[in-house]
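J.: Just passing along the structure, written as structure tokens.
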Amino acid sequence: MIKTLSTLAFLLVATTLEVSGDAIVRIAIYNHVGMTRLSLMLAGAALLFGYGFSLNLAPVEFRQVVGLYIAILFVIWQVINFLVFRTLPNLPILLGGTLIVAGGLIVTFWKPTYSA
């Protein structure tokens, strides 16, 4: 149970850092110039580095949690997208996102039984 919670915590931190870093880089590219752009890009790069670092500290192999990672990433992206860009997901995003989350849960938790 502790390993599962620890893994989930690492995934939440990693996805939040990844999406936040992406959002800051996007803001830098499209909304700023000069030193402000450069500063925001460096901040975004630091967050993206933090994402890669924290994800690789997770106490399991990435292949074991990749489905859950993608599902959490989709949800966190929608939250950050709303908070930063004030954009609500439309019907195609909600429908596709439901499939992404369902697929991530299937990949992570479905343990097939093989009969020989």
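J.: Multiply the residue gap between Trp110 and Val79 by 0.36 nm, knock off their C-alpha separation, and tell me the result in nm, one decimal place. Walk me through the numbers before you get to the answer.
T.: Working: separation 31, 0.36 × 31 = 11.16 nm, distance 2.67 nm.
Using 0.36 nm per residue and subtracting the Cα-Cα distance, I get 8.5 nm.
J.: Measure nothing but the geometry: give the 0 to 90° angle between the long axis through the Cα atoms of 91-109 and the longest principal axis through the Cα atoms of the chain, rounded to 10°.
T.: Its long axis makes an angle of about 50 degrees.
J.: Now a separate question. How many nm is it between the label spots at Met35 and Leu8, if each spot is 7 Å from the Cα in line with the beta carbon?
T.: My value for the distance between the label points is 4.5 nm.
J.: If I take every Cα pair under 8 Å that is 6 or more residues apart in the chain, average their sequence separation and divide by the length, what percent do I get for the relative contact order?
T.: Details: 110 pairs, mean separation 34.9, N = 116.
Averaging sequence separation for qualifying contacts and normalising by length gives 30 percent for the chain.
J.: Next up: For the range 7-116, which chymotrypsin sites (Phe, Trp or Tyr not before Pro) are in a loop by DSSP, counting at most 13 other Cβ atoms within 10 Å?
T.: Counting only loop positions with at most 13 other Cβ atoms within 10 Å, the chymotrypsin sites (Phe, Trp or Tyr not before Pro) in the range 7-116 are Trp110, Tyr114.
J.: While we're looking at this one, here's another question. What is the extension gain from Ile70 to Thr87, computed as 0.36 nm multiplied by their sequence separation minus the C-alpha to C-alpha distance, in nm to one decimal?
T.: Numbers: separation 17, 0.36 × 17 = 6.12 nm, distance 2.04 nm.
Working it through step by step, the gained length comes to 4.1 nm.
No value in this document is a laboratory result; all are computed from the given coordinates. Predicted model only: the values in this text are computed from it and were never measured. Positions of Cβ are generated from backbone atoms using ideal geometry, with glycine treated the same way; all protein chains shown enter the neighbour counts.
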